[in-house]
1. Which value at 222 nm does chain B reach when only helices count, each DSSP H run of 4 or more adding -39,500 (n - 2.57), with the total divided by all residues and rounded to the nearest 500 deg cm²/dmol?
2. Could you tell me the convex hull volume per residue, in Å³, taken over the Cα atoms of segment B:54-181?
3. Just to check I understand the Karplus step: with θ = phi - 60° and J = 6.51 cos²θ - 1.76 cosθ + 1.60, what whole-Hz values come out for segment A:173-190, glycine and proline as x?
4. Under a 1.4 angstrom probe, counting protein chains only, how are B:SER412, A:SER106 ranked by accessible area, largest first?
5. Mind giving me the FRET efficiency for A:VAL307 and B:ALA28? R0 is 60 Å, r the Cβ-Cβ distance, nearest 0.05 is fine.
6. Quick check: pseudo-label points 7 Å beyond the Cα along Cα→Cβ at B:TRP453 and A:VAL554, how many nm apart are they?
7. Simple spin-label model, 7 Å along Cα-to-Cβ: A:LEU544 to A:LYS444 in nm?
8. If each of A:LEU22 and B:ALA199 carries a label point 7 Å out from its Cα toward its Cβ, how far apart are those two points in nm?
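The values are calculated or read from the model by the stated rules, or taken from the named source; none is laboratory data. Because the structure is a prediction, the values reported are computed rather than measured. When we count neighbours, we look across all protein chains shown, and the Cβ atoms used for this are built from the backbone with ideal geometry, even at glycine. The protein model used for the area step is the full one, side chains on, heavy atoms only, and it has no ligands, DNA or RNA in it. Shrake-Rupley method; radii C 1.70, N 1.55, O 1.52, S 1.80 Å.
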Amino acid sequence: MFDYAWLLFAFPALGALIILFLGPWLSQKIVGWIASLAVLSAFGVALALFASLYALPEEARSITITYWEWMTIANFSVPAAVLIDPLSIMMAIVVTGVGGLIHIYSIGYMDHEPRYQRFFFYLNFFILAMLILVMSNNFLGTFVGWEGVGLASYLLIGFWFAKRDDQYGWYADAGKKAFLVNRIGDAAYLLAMFIIWSSVGSLTYAVVEETAALLPTTTLVFITLLLLFAVSGKSAQFPLYVWLPEAMAGPTPVSALIHAATMVTAGVYLIVRTGHLWDLTPIVAQTVGWIGILTAFFAATLAIVQVDLKKILAYSTISQLGYMVAAAAVGAPGSAIFILVAHAFFKALLFLGAGSVMHATDGVIDVRRLGGLRHKMPQTYITFLIGAMALGGIPLLSGFWAKDAVLAGIAADGAFLIYSVGVVTALLTAIYSFRAVFLTFNGKPRDMHVYEHAHENKLIMVGPLWILAFFSITIGWFNTPFALAMEEFLSASTGHQEHVGLFLELVVVTISTIVSLFGLLYAWARYIRGEHWTLTLASWFAWLQPALDNKWYVDRVYDAVIVRPLAAVAGWFARVFDPKVIDGAVNAVGDVTVDAGEAVRKLQNGAIPTYAFSIFLGVVVVLIYFIFAG
Amino acid sequence: MNNASLELNIVALAPAASMVIFALLVMAVDVFARGTRTQPVRAATPWVALLGVLVTAGVCVWLLGQPVTTFQGMAILDRYSLGIAFVVLVAAGLSILVSARYIPRVNAQVGEYYALILLISAGMMMMGAATDLIVVFLALETFSLGLYILAGLRRSDAMSSEAAMKYFLLGAFASGFFVYGAALVYGATGATQFEQIAAMATNPATDLTFIYPGIALLIVGFGFKVSLVPFHMWTPDVYQGAPTPVTAFMSAATKAAAFAAFYRVFLVALPSQQAVWGPALATLAVLTMTLGNLAALRQSSLKRLLAYSSISHAGYILVGLAAGSIAGVEASLFYLLSYAFMNIGAFAVVTLLEKQGEMDADGARLRGLGQRKPLLAAVMAIFMFSLAGVPPFAGFFAKFFVFAAAVQGGMSWLAAIAMLNSAIGAYYYLRVTVVMYFNAPDAETVSEVKSNWPLNVGIGVALAFTILLGVFPSLWTTLMESGVVTALALR
């Protein structure tokens, strides 16, 4: 079977090509099904690969297939090769499985979209890039996928570029922000790669893993710190998370696929894939653990106050990614992948549920205008509730086992402070999950106009919801505390995780159960019953309101520290450095000062003496340097 | 390699000679056409020139192999000089394709245009082959004088004439510095041949007082040609004023030629002073890429945008030299090649956006191009992504190799700054794609594109290699290493 691994890439590539060249002559339904079939076929290949891998003895479950020598320059060579091991195949299954369902859902969701060819082309391209990311056996191949998914994300966030509203401003700008923030992370990834190459001499994961222990600690710290930056860009962690909430400007299936289930988990994947590097740098790993858990906490506080259903889910995604990153860094990589898989299902479900609401209400997604929708959309309600229960960590659903595995793993590692922040976050998670459900589906309709128009969606949209709901419940059963099947399987890639003792496990499970049930109770009492004690409890935290309204001021700080100075510098250059600039069509960084010092303009406008003078000054400076340095 | 060798080895000059012969041929065809007033014959000039490029490329492939010196060590034919020759040929070939229907609209003197392109290319190839300061200077002037003429090709256009004038005056100024620098180096070492300079510079008996100002002035001379800040100010004006195919040619080929000699002078003749010039070049690289990028952020004219972009790319390429290693040289060579394809491709698209009688296009023309002309927009987007350094296009590996060389050479800080810069740079390349795809078309948008098949072929070739060099970057290295016909190469 492994000889046919290339089919994994061939199907989405073929789908994309067919849509690109034949799309204009095909109807929306046909294009949608071609795209979906391409991904489902890849899913089939992934399952077959999984079966073949599973049939092998545990120590043999790592297969490298080299296709060609990608590049050789000087003494440096990188193969174009895939690595098939439990980790990569698990990721591939999630990407193609959840991806396939979201493709099918999109056929219904995008039924009024005139530019559907483009949409499905982007989606297939995304799947292809994501598969390259997870299947490559070296840093460079992963980077190609990494940039590819970034590109797809940017194109899809700005898919409705001509739209503009109070929420997002110009939708195109949201895409731009995502792209640029990610470029910072990408630059860090590149630099990490260069350092690895110059110190190890190879970019292949296996070779790096073997030789990492021989590297000096400072080098390792540099590498992991840079990777941390890369991860925080792609997986929306502090300080680079700011793009994700705005990424919700994209169509909802995109939010589900790219900005919840798959692309944003690429950073987690990278940490797990390079786990040996983090094991060798416990200080950085601890830092990452803290960054992850604090991101989880702060994002959860913001999720509680959002009024846009998709934004609630967006902050929730950041928060859950925080758990994953923390677990991956703090010695529980198997649990990190477990929650990644579980999260992919229930978060995709929640996003698609939100999309279903949006589709039914003609785009209204503000929870202050919704309410009571369970009568109109019973199926969406039940599946959304299942998703929220999984997210909120209600016992026996997948989210419960996943969060429990993460928290137990962190506790077993001895990081009790991180663990306790994680528990508080779990409480907040339960509250905001059920707040979202109750405000949307329970109670009385707050906007009768919206309510009257709402209707349940067609099977093509509701079907995927049920399938995702099924897995949101059951996927956790593959990895319960006493039968860690998934983590056992993954351990061939991630290394054996410390086993959690029975006593500790019981304590953690008990606390998790209490916390999630209390969260449910609180949300029920407050948002359905409106009981007094809940308001009193909330009023204790009223002093946090301004900070929450301003998203902890992070965007403002960025604006003041980075955006404005850069705009000012660029503006200054436009005036002084290049007098001929005419700021016109293409919108620039900041506002335009049109009247830009007429005197300066006259002095410099193409004046040869000025240019010559500039050269002369340069000559003087260079001469002085060389005379003194020499 | 032996300096005492008195053999001429004239065959090592075959690439440049072949270009000159074809230049003469083009002129002959042109004269003949003038006599008979037959349009078909005159229309043949670009194809004769293109044939010259192809034949010369064949000669270069044939010559790949052992290095051969010529004229008693004044020039050399080695992998590096042939690599530069290939880059120049790529630039010349693509520019000829872009020019075929463009130049007749700008200037009736078609024949001299193509002859000049070939002669300039010959000079540029010699820049890559020169191993003597005097030859460098001769080659520098050969190609510069030709370029001054080409920049002012459209005599009726004030901007074009102004560009030519500016380029000429400032170029003469910079050449003066170059000669003075060469003279000082000669004064210090008593030699003009690179290997002899290197030998004298390491000889403890040599008084090196004059060598440092000499190096400084050489940097100024080269810095002007490759547009390093602060010797760059002519670049946007000249790029904007010159006819677009000429700009395309200049941007890629001049850079290749000037960097070629820059590298050889510093790495072969002056390696012992690297501790001094290394940091200076690194500083210039940082200045160049940063200021180039910042200035590009605000441009609305596409040609000025690409001009500032080319300044910042000069900064990136210089990183390879600052690294001062073989890896740095190989990386820069790959960079120059990739840059030729993607940048000329971008300029070729710009020619399609120009209106009758114009030689520049405003960014506004791109609004909604994704809807009006999906294919053209997609092609432009690929060139932009490649320039921004997004994989899997050629521009990514170009940056990758150069920055990796810097890290390997112990200059991680420089690589870090360069990468942050390319992150800033991504912004304005992205802006172009944003305007094409994320803006609605309006009255400004180009609705009719007057394309022609030579131009389409040119864009197609540029596009193909922009992608191909990204997916199979080893194509190039294999070509350079294998030396296909080594057995036939001359000893």
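1. -24000 deg cm²/dmol
2. 101
3. Values per residue, Gly and Pro as x: 5, 4, x, 4, 4, 4, 4, 6, 4, 5, 4, 4, x, 5, 4, 5, 4, 4 Hz.
4. B:SER412, A:SER106
5. Approximately 0.15, to the nearest 0.05.
6. It works out to 5.8 nm between the two label points.
7. Reported label-point gap for A:LEU544 and A:LYS444 is 3.1 nm.
8. Simple spin-label model gives 7.1 nm for this pair.
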